[in-house]
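What follows is a set of notes on a single structure, which appears directly below.
None of the figures in this text is laboratory data; all of them are computed from the coordinates on show. All of these numbers come straight from a predicted model, not from anything done at the bench. Here Cβ is always computed from backbone atoms with ideal geometry, including for glycine, and neighbour counts include all displayed protein chains.
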Amino acid sequence: MLQQTQMETALPYFRRWMRHFPTIESVAKADPKAVLKAWQGLGYYSRARNLQETAKKILDVHGGVFPQKFEDILSLKGVGRYTAGAIASIAFNQDRPIVDGNVLRVLSRLYAIKKPIDLEKNKEYFWKLEDSLIPKGRARDFNQALMELGALVCLPQDPRCSACPVRNSCEALKREETERYPVRAKKRKKILVQAASLVLSKEGRFFIRRRPEGKIMGGLWEFPEWKLSFDRELPAHVIEKKVYDLALKEFGSSLSKPKNLGKIKRHYTHHQETLWLFRSRLEGLEKAPAKNSWPRAWATEDDFERYPFSSAHAKIAALVESSAL
Ligand code: SF4
């Protein structure tokens, strides 16, 4: 849960998760839909699926006991070098390094390292450096201290150097250049995406569909959604026409003209998306679904809580429930 998510944000989700799934066995044997539902709101849903895979493996291969051997931890689904290092050092006090954004910043400043921290080729350098600094047998305290130093003292803007316990050894401070570190390569420009989603109703029920496994947000439910353009702003009337055409093609001619309800923003690592919301009704028969169409359902508002939605679509479902749409 803490990958890409801050502690305060994750805590309520963690508590809810533990109420649903208090043991490894309960995660392993749960309905995958219930696992996704319990994860709803945290995003990056592959983590929830990996967690269940991992629980199954621990049950089948390790007799239900979390493995302690570093290679075994690393072989668990969704566990990479960082998470394995965190578990090995913090849970089992093994001398294994962890390098996160906080650690990168602290090390960059402490040693005035000019290597950009966001270039893949420099990753190894920072991992080796952190590894070489661990006092033998004290990785648990050392790794946590280094991360906390970055989170609480060596802040991205305005580091609190006067309160810093390592200020006497800090090269960036000595050179009065703390703001120059960490060094980054040029920022990658985000792709601007225009998308649209349709709240389609029929006799008090709403059309939703399940994204296929293997696709982004696979296994999650959504109101029908279409990507309309990449890196190109479209005027509202063009968006409205595109949505009407796409909806007619998918649901048939008994569809009322979609009403434009405004837009919400979605932010991804490499994309910045504007999601336009539309509402429409089916006033007659629905066109038969195409052969390869995704699993679908007509759900009432009360049904929504049984379906795991992605964050944006959970927001849309909440708007429908509150009659705001
Ligand atoms: Fe960071 Fe300042 Fe401490 Fe250096 S002295 S590690 S820049 S907080």
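Shape analysis of region 191-321 based on the Cα gyration tensor places the equivalent ellipsoid semi-axes at 21, 19, 14 Å, largest first. Taking Cα centre as origin and charging only the Cβ of basic (Lys, Arg, +1) and acidic (Asp, Glu, -1) residues, the dipole magnitude of the chain rounds to 680 debye. Placing +1 on the Cβ of every Lys and Arg and -1 on the Cβ of every Asp and Glu, with no other charges, gives region 1-113 a dipole of roughly 320 debye about its Cα centre.
Which of 103, 133, 41 sits closest to the plus end of the dipole of region 25-158, meaning its Cα is farthest towards the positive end, when Lys and Arg get +1 and Asp and Glu get -1 on the C-beta? Projecting each Cα onto the dipole axis, the largest value belongs to 41. Every pair of different Cα atoms in region 1-66 enters the Kirkwood calculation, which places the hydrodynamic radius at 12.1 Å.
Sorted largest first, the principal axis extents computed over the alpha-carbon atoms of region 94-187 equal 34, 33, 19 Å.
Residues within the reach of a label modelled at residue 190 (point 7 angstrom out along Cα to beta-carbon, backbone nitrogen below 13 Å), restricted to region 263-286, are 265-275. Multiplying the residue separation of residue 128 and residue 10 by 0.36 nm and subtracting their alpha-carbon distance yields 39.5 nm. Ordering 63, 75, 32 by Cα displacement along the dipole of region 1-78 toward the positive end leaves 32 in first place; charges were set at the Cβ atoms of Lys, Arg (+1) and Asp, Glu (-1). Helix 120-133 and the long axis of the chain differ in direction by around 40°, with both axes built from C-alpha atoms.
Helix 311-321 and the longest principal axis of the C-alpha atoms of the chain enclose an angle of approximately 40°.
For an R0 of 45 angstrom, estimate the FRET efficiency from the Cβ-Cβ distance between residue 144 and residue 259 and round to the nearest 0.05.
Efficiency at R0 = 45 Å is approximately 0.30.
Only lysines eight or more places from residue 121 in sequence, or on another chain, were considered; those with a Cα closer than 18 Å are 186, 187.
For the pair residue 70 and residue 209, label points projected 7 Å from Cα toward Cβ lie 4.7 nm apart.
Per-residue extension of 0.36 nm, minus the Cα-Cα distance of residue 115 and residue 18, leaves a gain of 30.8 nm for this segment. Which distance in Å, rounded to a whole number, links the C-alpha centroids of region 95-123 and region 1-41? Answer, in whole Å: 30.
Between residue 285 and residue 180, the simple label model (points 7 Å from Cα in the Cβ direction) yields a spacing of 7.5 nm. Computed log10 I(q)/I(0) for the chain at 0.10 Å⁻¹: -0.77, from the Debye equation with unit scatterers placed on every C-alpha and solvent omitted. Axis of helix 7-20 versus longest Cα principal axis of the chain: the two differ by about 60°, to the nearest ten degrees. Per-residue ellipticity at 222 nm computed for the chain from its helices equals -10500 deg cm²/dmol, with DSSP H segments shorter than 4 residues left out and the rest contributing -39,500 (n - 2.57).
So, R0 is 51 Å and r is the distance between the beta-carbons of residue 168 and residue 216; what FRET efficiency does that work out to, to 0.05?
After rounding, the FRET efficiency stands at 0.60.
Once backbone amide H atoms are built at 1.01 Å from N, residue 192 has 231, 272 as its partners under 5 Å, excluding neighbours fewer than 5 places away on the same chain.
Quick check: net charge around residue 199, other residues with Cβ under 10 Å of its Cβ, Lys/Arg +1 and Asp/Glu -1?
+3
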